[in-house]
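The block underneath contains the structure these notes are about, expressed in structure tokens.
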Amino acid sequence: MIIVKGVFFCAACGVLVAASYDRRTLPYAAAFFAVLAYFMRYLVLVRPIFMSLLFLAVFVLALERYGKNGRRRLLWILPAIQLAWVNVQGLYILGPLTLLIFIIGGGVELLLKDMRFRFIGIERRAHSADIKPLLPVFAAVCAACLVNPYGYRALVLPFVLYSRIEPALAGVYSWNVSENLPTWHIEQTAPWLTPHLKWLGLVAITSFFLARRRLSPWRLLLFAAYFYLGMLAERNLTLYLLVLGHVTLANAAVLVEENKFMLPAAAKMAGLGAAAATALLVFCGTYASWKLEPSILGLSPFRYPVAAADMLEHDDFGGNVFNSERYGGYLIWRLYPRKKVYIDGRLVLRGREAFRDFLAMLDDPSLFSAVRERHGMTRAVVPTAVFDRYLPLAKALSVSYTHLRAH
């Protein structure tokens with residue numbers, strides 16, 4: 001699964017490099033996406049989103065090719081991609097959304113084609129403003145969304161997912177699940193976790209400024225839409241950073257076409273040398289970290305309670321187990337069906353109220369006793385490092401255990 005994830009992720013980056021392809025900028029494009037991949041590595045987990053990244057990249061490639069040379073055949077790949085996407089992840093709505101952004105961008109380009117502005121200019125490509133061939137493709141992409149085991153009911157899922165990460169709507173899910181935390185909140189409270197974001201964003205905005213004489217409405221709207229998604233929740237940063245990489249390179253290709261950034265041979269060699277040196281440093285740093293970690297075939301430290309599960313597995317105790325939601329899946333794998341756990345990462349299956357009650361119990365350990373008796377729990381597995389929210393309950397359990405042993 002890790003290898004499959006890596007293949008899909010690398011393919012997505014490669015497709016987006018191809019989407020803004022220019023032989024004069026190819027080495028720099030590859031180096032830029034290598035840097036983006038390094039910053040995104042901890043966000044690309046073994047989840048269906050790594051497939052969504054590739055599907056999104058193919059959409060962008062097909063639309064860029066159509067805008068540049070009018071290749072309609074490539075557009076008809078999109079309904080097939082959408083058919084696969086809708087049966088993989090709820091983020092399938094990004095396919096029609098990206099296509100709609102391209103159509104709107106073409107409409108803006110058409111609307112402003114005869115206007116002249118003092119400081120900026122609109123990119124005028126005949127094919128990107130040719131909207132009519134896109135309408136049947138858009139209809140086919142939307143129709144493909146219905147080809148799934150749930151039919152029209154699947155259309156609701158993306159909006160349900162949105163309601164769980166929009167802070168104004170999600171509440172308990174947005175503010176108490178780490179990957180659902182708004183990125184802007186992380187930037188305010190713990191900027192050291194995402195130091196690269198502001199600089200990469202500045203690079204993208206600068207690329208739009210430098211290419212302002214041939215500004216692409218479609219790319220500007222695409223960047224704005226995925227910037228919004230990226231700031232909405234940390235889990236969306238992979239989508240945002242991939243789009244950021246594409247629009248930055250596409251704007252750079254525009255500048256090269258205008259011969260504004262034709263570097264002398266010595267500067268090119270220096271740039272390539274710096275890119276190679278950076279890649280070597282990244283590789284060395286990554287290799288050094290690998291030497292300090294367990295095998296790739298092992299389990300990540302601090303993520304799974306291996307030793308605790310070993311103890312529980314060999315301890316013939318009566319009752320069930322109270323646990324952290326992050327530990328639930330692993331403990332189910334190790335202990336089920338002999339023992340049941342209290343909660344796992346599928347928080348939405350139990351509803352908002354159940355999750356609120358769980359969080360309230362962590363904040364007020366006095367509520368734990370009633371829950372323990374109701375569910376017949378005689379063991380507890382909670383973290384005492386990384387996540388401070390469990391510390392009050394861990395302390396209360398420790399004091400209670402010490403008191404029982406004393407009597």
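No lab work stands behind these numbers, since they all come straight from the coordinates. Here the structure is a predicted model, which means the values were calculated and not measured. For neighbour counting, all protein chains shown are included, and Cβ atoms are generated from backbone atoms with ideal geometry for every residue, glycine included.
Can you pull out the chymotrypsin sites (Phe, Trp or Tyr not before Pro) in the stretch 139-196 whose DSSP state is coil and whose Cβ has at most 16 other Cβ atoms within 10 Å?
Qualifying residues, ordered by number: Y150.
Please list, short to long, the whole-number percent of alpha-carbon pairs of the stretch 205-262 in consecutive 10 angstrom bins beginning at zero.
25, 47, 22, 6
Could you tell me which of S398, A279, S178 has its Cα farthest along the dipole of the chain towards the positive end, charges placed at Cβ (Lys, Arg +1; Asp, Glu -1), taken about the Cα centre?
Farthest along the dipole direction, towards plus: A279.
Students often check this: by mean Cβ neighbours within 10 Å, which of 193-203, 27-37 ranks highest, and how do the rest follow?
Top to bottom by mean Cβ count within 10 Å: 27-37, 193-203.
Enter the per residue convex hull volume of the stretch 105-144, computed from alpha-carbon coordinates, in Å³ rounded to the nearest integer.
About 66 Å³ per residue, rounded to a whole number.
Need one number for the chain: average projected area of the convex hull over its C-alpha atoms, nm².
24.3
Efficiency by 1/(1 + (r/R0)^6): what FRET value for D363 and L210, r their Cβ-Cβ distance, R0 = 35 Å, to the nearest 0.05?
0.10
Can you tell me the FRET efficiency between A84 and R24 if r is taken as the Cβ-Cβ distance and R0 is 45 Å, rounded to the nearest 0.05?
0.85
Output the 0 to 90 degree angle, nearest 10, between the alpha-carbon long axis of helix 351-363 and the longest principal axis computed from the alpha carbons of the chain.
So the inclination is approximately 60 degrees.
How far apart, in nm, are two points set 7 Å out from the Cα along the Cα-to-Cβ line at S295 and at L112?
So the label points at S295 and L112 sit 5.7 nm apart.
Normalise the Cα radius of gyration of the stretch 1-120 by 2.2 N^0.38 Å (N = residues in it) and let me know the number.
Against the compact-globule rule of thumb, the ratio is 1.20.
Grab the beta carbon distance between I131 and T384, set R0 = 60 Å, and tell me the FRET efficiency rounded to 0.05.
0.55
Karplus couplings for the stretch 376-387 from phi (6.51 cos²θ - 1.76 cosθ + 1.60, θ = phi - 60°), rounded to Hz, Gly and Pro as x?
Here the 3J(HN,Hα) series is x, 8, 10, 9, 9, 10, 10, x, 10, 9, 6, 9 Hz.
For a protection proxy built on the mean count of beta-carbon atoms within 10 angstrom, sort 229-239, 316-326, 62-72, 354-364 highest first, please.
Top of the packing list down: 229-239, 62-72, 316-326, 354-364.
Using only alpha carbons, build the gyration tensor for the stretch 268-407 and give me the equivalent ellipsoid semi-axes, biggest first, whole Å.
Working through the eigenvalues yields semi-axes of 40, 18, 16 Å.
For the stretch 52-122, place one equal point scatterer on every Cα, skip the solvent, and apply the Debye formula. What is log10 of I(q)/I(0) at q = 0.15, 0.26 Å⁻¹?
-0.56, -1.15
Could you compute Rg(Cα) / (2.2 N^0.38 Å) for the stretch 279-328, with N its residue count?
Normalised Rg, Cα atoms only: 1.73.
Can you give the net charge of the other residues whose Cβ lies under 13 Å from the Cβ of L220, counting K and R as +1 and D and E as -1?
In short, +1.
For labels at V46 and S400 in the simple 7 Å Cα→Cβ model, what's the distance in nm?
3.4
Using +1 at the C-beta of Lys and Arg and -1 at the C-beta of Asp and Glu, which of G70, T206, L100 has the Cα lying farthest in the positive direction of the dipole of the chain?
G70
Along the charge dipole of the stretch 269-407, Cβ charges K/R +1 and D/E -1, which of S324, Y304, V341 sits furthest on the positive end?
My answer, from the dipole projection, is V341.
Holding the Cα-Cα limit at 25 Å, pick out from K68/K198; K68/K113; K5/K291 the pairs that are longer than that.
Beyond 25 Å: K68/K198.
Can you compute 3J(HN,Hα) from phi for each residue in the stretch 63-80, using the Karplus curve 6.51 cos²θ - 1.76 cosθ + 1.60 with θ = phi - 60°, rounded to whole Hz and x for Gly and Pro?
Coupling constants for the stretch 63-80: 6, 5, 5, 5, x, 8, 10, x, 6, 7, 4, 5, 5, 7, 6, 4, x, 5 Hz.
Could you tell me the ratio Rg/Rh of the stretch 1-45? Both radii from Cα atoms, Rh via Kirkwood.
Dividing the radius of gyration by the Kirkwood radius yields 1.02.
Taking H as built 1.01 Å from N, whose amide H comes closer than 5 Å to the amide H of V381, not counting residues under 5 places away?
It is F322, N323, S324, by chain and number.
Does a label point 7 Å from the Cα of V306, set along Cα-to-beta-carbon, have any residues of the stretch 314-338 with amide nitrogen under 18 Å, and which are they?
From the stretch 314-338, the list is 314, 327-335.
Enumerate the amide H contacts of K340 below 5 Å, restricted to partners 5 or more residues apart or on another chain; note that Pro and chain-start residues carry no placed amide H.
So K340 has HN proximity to V321.
Please list 3J(HN,Hα) in residue order for the stretch 320-330, calculated via the Karplus relation 6.51 cos²θ - 1.76 cosθ + 1.60 where θ = phi - 60°; whole Hz, with x for glycine and proline.
Calculated HN-Hα couplings, in order: 10, 10, 8, 7, 5, 5, 6, 8, x, x, 5 Hz.
Give the Kirkwood hydrodynamic radius (Å, one decimal) of the stretch 146-264, defined as one over the mean of 1/r across all pairs of different Cα atoms.
16.3
Compute from the Cα atoms of the stretch 317-381 the Rg and the Dmax, the latter being the longest Cα-Cα distance, and quote both in angstrom.
Rg and Dmax of the stretch 317-381, Cα atoms, are 11.5, 31 Å.
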